[in-house]
Every structure is written in structure tokens, then in C-alpha cells.
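Single-structure report; data block below.
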Amino acid sequence: MIGDYDEALTDTSTFAGVVEQYAGRGMRCLGLAHRDLPNGVDFDETTSNTKNSDGTDQDAFSVETDMIFCALIGIEYPLRPEVPDAIDKFYGTGIGVRLVTGDSPNTAVSIKFSREFYQTSISVRAVPR
């Protein structure tokens, strides 16, 4: 179920839209899926029909295909309480602060504009993994 939808997820734009909403609220996203596997399955077998989604052109493991999507979870990592004061101290000494993340650029921007940092000028850069 995504939002108010209780239907098969065949349109990945719906999924991507929810991921962007979560990321825009500073959440990391975790998708859950499952698949029943037969006894004796070969976990090292790959398939050329599906490529890894990590940006490489490698074949995916067969056991990681034809899965049933179960849920999308948004995980919030609140800033530690000491972070805003630490940033103020850096700025007070003339040291610039940069936020570098491998997460979605929306997550980084959300962190930058969170209540704690709204008055600061932190530079944000999302680094692809």
C-alpha cells in the first residue's frame, strides 16, 4: 500500500514519487520485498535479463528478481542535539561547513533547511555512491 493506494505496484513513478516525498522530509528510504525460493537454490546464479540497479552494468542475482514489493519505509535520522551548536562554533571561528551526503539530494536539502540550520548558509552536495 502506497499512501492511500492498495494495489499492485506496476507504475514505478508512483513509487519514485513517494521516495521523493520522504527524501524531501529528510528521510532515508528502505524498500522491502520478498520471494519464496525453492530448496537448493543457487544464490550465485545471475540473469542477463536484469541488471543491478547500482549503476554498474552487471547482471543481477537471479534470487533478487521477480520479488514481491511489500513496503516502503521512511527512516528519520534526527540531528544530534549538539550539531547546531557545533556548527555555530565553526562559523564563529571562520570555518565553513559543508554537508556531503550519498543520500538523495532532496534529503540533503531537507537537512539544510531543517529548523536547526535555517539561518545558516551551509553548502549542500550529494555525492553519488
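Rule-based calculations on the coordinates, nothing more; no lab input. Please read these numbers as outputs of a predicted model, since none were measured by experiment. Reconstructed Cβ throughout: ideal geometry from the backbone, glycine too, with neighbour counts over all protein chains shown.
Structural size metrics of the stretch 12-76, computed from C-alpha coordinates, are Rg and Dmax of 14.4, 43 Å. Of the peptides 19-25, 34-40, the order by per-residue mean of other Cβ atoms within 10 Å, starting with the highest, comes out as 19-25, 34-40.
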